[in-house]
1. What's the center-to-center distance, using Cα atoms, between region 309-380 and region 126-166 in Å?
2. Equivalent-ellipsoid semi-axes (√(5λ), Cα gyration tensor) for region 257-366, whole Å, largest first?
3. How large is the helix-only mean residue ellipticity at 222 nm for the chain, computed as the sum of -39500 (n - 2.57) over DSSP H runs with n ≥ 4, divided by its residue count, in deg cm²/dmol to the nearest 500?
4. Roll a 1.4 Å probe over the protein heavy atoms and report the accessible area of Val329 in Å², nearest 10.
5. Just how much of Glu262 is accessible, in Å², when a 1.4 Å probe is used and the result is rounded to the nearest 10?
6. On average, how much area does the Cα convex hull of region 81-233 cover when viewed from any direction, in nm²?
7. Could you work out the local net charge near Ser9, counting Lys and Arg as +1, Asp and Glu as -1, over the other residues with Cβ closer than 14 Å to its Cβ?
8. Compute the distance from the alpha-carbon center of region 53-67 to that of region 404-457, in whole Å.
Amino acid sequence: MLSVAVVGSGPSGVYTAQALLRQSLVPDVRVHVLDRLPTPYGLVRYGVAPDHEKIKSLQNGLRAVLEDDRVTFVGNVGVGGPDGVSPARLAELYHAVVYCVGASADRRLAVPGEGLPGSYSATRFVSWYSAHPDAGADPFVLDARSAVVIGVGNVAVDVARILARGADELRATDVPSAALGALEESRVRDVHIVGRRGPSQARFTTKELRELGALPGARVVVDPAELALDPAYAAPEGLPGVPPAVVRRNLEVLRGWSAAGEPAAGGAGRRIRLRFFLRPVELLERDGRVAGVRFARTAPDAGGGVRDTGAYEDIAARLVLRAVGYRGVELPGLPFDAVRGTVPHAAGRVLRDGVPVPGAYVAGWIKRGPTGVIGSNRSCAKETVASLLADAGELRGRAAADDPLAVLREWGLRPVEWSGWLSIERAEAELGRSLGRGPVKIPDWPGLLGAARDGER
């Protein structure tokens, strides 16, 4: 039997397990899918916006893999952290370990004032409304009238949409009660989504963009002058290096909002302002917290990038969320490329000083960086599994524990298995029923672990 540990139960980890199950070269494979959390699914559970039910339904496909008899879910087991298992010790338990730990850190703006109260990463905001147990009761400044979201990707659109959506519309989702109550009391009326380049270089998809215009009680505002400044505005088909169809669709949506003009002053509802060619240079302070963002006005340059024009614009805001990308975090005990934020590898084989580390592999964002969509992890996982299977003869010669879970318990860990996760699901369904809602996520460690232990008794 070939014993494999997959570290991470998000899409990249589960697709890795799936690729191991579907191959025929090594039929006698056993897979343990480990996760630091007592819950599976990674960013599908804790990163997909609660109002994106279709994407969240991907859990059904991941679930089918984790319920396979050859797979064991091992939650509540951290790897590489102070309270977890080191990669060296984990390697003693399995023939091979595939690290699918994602990119959990956010990129920073590196501008003055970024650390002021009221300035947060979008990742932290997403974790809060997604009930990640590490998020806690974050004091987001939802009594602000204006919020700035820096970044023009799908994450920026997601957080802006949640800020602009009414709490009644989120009541049917699994948003935790505390976050729902805070959003219900929110006074945010203006949400600015700001990018340093033009709309043709934005990272959002047309589907996500259109969703902003479908929000009841919210209007999307686009400055015609900023739209016209983009070189692709007049002739999107000629834009080099970008799929013309995507650019055309996005510009068509933006053009429609631009033509609608500014809503009447004093009108009810919220406004979402899409701003372009503005580069953040400083977060402004008043009374010890963030009061706004100073932007340098940019313009297209001849090389396809942007240049500063020498002009500046301040946007007042008591809440600032940065959504400028993710970054991988070093896992103590594994090689790490600090520049790329990834683990060095060759076709998924972990490399230390250019030499493969026996039995160690990577897949997902920690392998290739935070690029692609959820489905991109399939081909990435298949490549890594192909390398692992090519090494199978050598891997079988490595020592492995007969019962890794028993050893983990001997080391003082308390794994949550699939029965514990099913108990958490039942507890969340019961919590929702008690509130007159559908399933509602349990947002804290004690609640999750308590529910898991109830199912394991």
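1. 22
2. Computed over region 257-366, the values are 43, 18, 16 Å.
3. Using -39500 (n - 2.57) per qualifying helix, the result is -9500 deg cm²/dmol.
4. 70
5. 110
6. Directional mean of the projected Cα hull area for region 81-233 stands at 13.3 nm².
7. Net of charged neighbours comes to -1.
8. Result: 18 Å between the Cα centres.
The values are calculated or read from the model by the stated rules, or taken from the named source; none is laboratory data. Nothing here was measured: the structure is a model prediction, and the numbers come from that model. Counting neighbours? That spans all protein chains shown, and the Cβs are built from the backbone with ideal geometry, glycine included. All accessible areas refer to the heavy atoms of the entire protein, side chains included, with ligands and DNA or RNA removed. Shrake-Rupley method; radii C 1.70, N 1.55, O 1.52, S 1.80 Å.
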